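The values are calculated or read from the model by the stated rules, or taken from the named source; none is laboratory data. Note that the structure is a prediction, hence the values are computed from the model and not measured. Cβ coordinates were reconstructed from backbone atoms using ideal geometry, including for glycine residues, and neighbour counts include every protein chain displayed. Ligands, DNA and RNA are excluded from the accessible area calculation, which covers all protein heavy atoms including side chains. Shrake-Rupley method; radii C 1.70, N 1.55, O 1.52, S 1.80 Å.
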Amino acid sequence: METQGESGGAGAHWERLAPGVVRRRLPGWDATVGAVAGPDGVLVVDTGSSLREGTGIRREVQQIFGRSVTHIALTHPHFDHVLGTAAFSGVQVYGAVGLGELLRSRREREELRREAMRYGVPREAAAEAVELLVPPQHAVSGEVLVDLGGGRRALLANVGPGHTAYDLAVLVPGSDRAPDVVFCGDIVEESGEPQAGPDALPRAWPAALDRLLALGGEDAVYVPGHGAVVDAEFVRGQREALRARFGR
């Protein structure tokens, strides 16, 4: 993979995965943010852990592609993936079915605030991001196609439950000269063991990875929620490790 843009510029921290498809590994928790551009719009996958981080992502993506972000896909409801969403005004936000209702819940918002603070987000920044958090307006129960113009499409697929009850993946179809790219969220993690917190459904997780592999196929580039880009063999290995760890 290669970086996008000139050294020291907006794209210096972004990997080019395919034409019009980039990702960044954010500092702190090594969380992935992705971006997919077409002539008529730009889809961002996850938004970081604070309004400040979301603002930086929005600015860098606009500088890389020369157009504003129009769509957001949230892969799951953890603070390091959703709390930057309010930095993107006027965009269409997508999430797995039920995610919108969850993120409107006072109890869930309080848990997001506490979780962010536990991991080091400053108190005021966590409170602001939670207060202004934008839940998805579009619920994905199966698959939804987002058209970014010029033949560029992104397929949003509800592949969970697994890491959470609301796991969404994003497939960007490739071409003869570029691979398919799959943004996995945290149902795939490369920089450490998959994290099964209290909201995980670990016995269902291997089946979610089966669905992910069916979505992307053997030759796709798989982009974990944390860590380096992997291939289908890695995803299969993580699936078998989860089966061994949690049972069928």
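Among 75, 70, 55, 85, which is the only one that is open to solvent by 30 Å² or more (accessible area, probe 1.4 Å) and closer than 18 Å to residue 31 by Cβ?
Working: 75 fails: open to solvent by 30 Å² or more (accessible area, probe 1.4 Å); 70 fails: closer than 18 Å to residue 31 by Cβ; 85 fails: open to solvent by 30 Å² or more (accessible area, probe 1.4 Å).
The conditions single out 55.
Residues in segment 231-245 that are out of contact with any Phe, Trp or Tyr (no Cβ under 8 Å at 6 or more places or on another chain) and either part of a loop (DSSP other than H, G, I, E, B) or among the aliphatic types (A, V, I, L, M) (or both): 241, 244.
Taken over segment 95-142, the criterion of being within 20 Å of residue 29 (Cβ to Cβ) and either acidic (Asp, Glu) or open to solvent by 80 Å² or more (accessible area, probe 1.4 Å) (or both) is satisfied by 108, 111, 114, 115, 118, 119, 122, 123, 124, 128.
Just one of the numbered conditions (1) within 16 Å of the chain's Cα centre (by Cα); (2) not in a loop (DSSP other than H, G, I, E, B) is not true of residue 228: (2). So residue 187 passes all but one of these: (1) touching a Gly at 6+ places or on another chain (Cβ under 7 Å); (2) open to solvent by 10 Å² or more (accessible area, probe 1.4 Å); (3) not acidic (Asp, Glu). Which condition number does it fail? So the condition that residue 187 fails would be (2).
Would you mind finding the one in 20, 9, 28, 38 that is out of contact with any strand residue (DSSP E or B) (no Cβ under 7 Å at 6 or more places or on another chain), of a type outside the set (A, V, I, L, M, F, W, C) and modelled with pLDDT of 95 or more? Of the residues listed, the single one that is out of contact with any strand residue (DSSP E or B) (no Cβ under 7 Å at 6 or more places or on another chain), of a type outside the set (A, V, I, L, M, F, W, C) and modelled with pLDDT of 95 or more is 38.
Summed over segment 56-90, residues that are over 16 Å from the mean Cα position of the chain (by Cα) and among the β-branched types (Val, Ile, Thr) total 1. Does at least one position in segment 69-76 carry a residue that is part of a loop (DSSP other than H, G, I, E, B), under 17 Å from residue 52 (Cβ atoms) and without any contact (Cβ under 8 Å) to a residue 40 or more places away in the chain? Yes: one or more hits. All conditions in (1) in contact with a Lys or Arg (Cβ under 7 Å, 6 or more places away or on another chain); (2) open to solvent by 10 Å² or more (accessible area, probe 1.4 Å); (3) not polar (S, T, N, Q) hold for residue 159, with the sole exception of (2). Candidates are the residues of segment 197-225 that are part of a loop (DSSP other than H, G, I, E, B) and under 17 Å from the mean Cα position of the chain (by Cα); the one that is farthest from residue 170 (Cα to Cα) is 200. For segment 143-154, a residue qualifies if it is touching a Leu at 6+ places or on another chain (Cβ under 7 Å) and open to solvent by less than 70 Å² (accessible area, probe 1.4 Å), and the qualifying residues are 144, 146, 148, 154.
Only one of 169, 165 is open to solvent by less than 10 Å² (accessible area, probe 1.4 Å), in contact (Cβ under 8 Å) with a residue 40 or more places away in the chain and not hydroxyl-bearing (Ser, Thr, Tyr); which?
Values: 165 fails: open to solvent by less than 10 Å² (accessible area, probe 1.4 Å).
So the residue among 169, 165 that is open to solvent by less than 10 Å² (accessible area, probe 1.4 Å), in contact (Cβ under 8 Å) with a residue 40 or more places away in the chain and not hydroxyl-bearing (Ser, Thr, Tyr) is 169.
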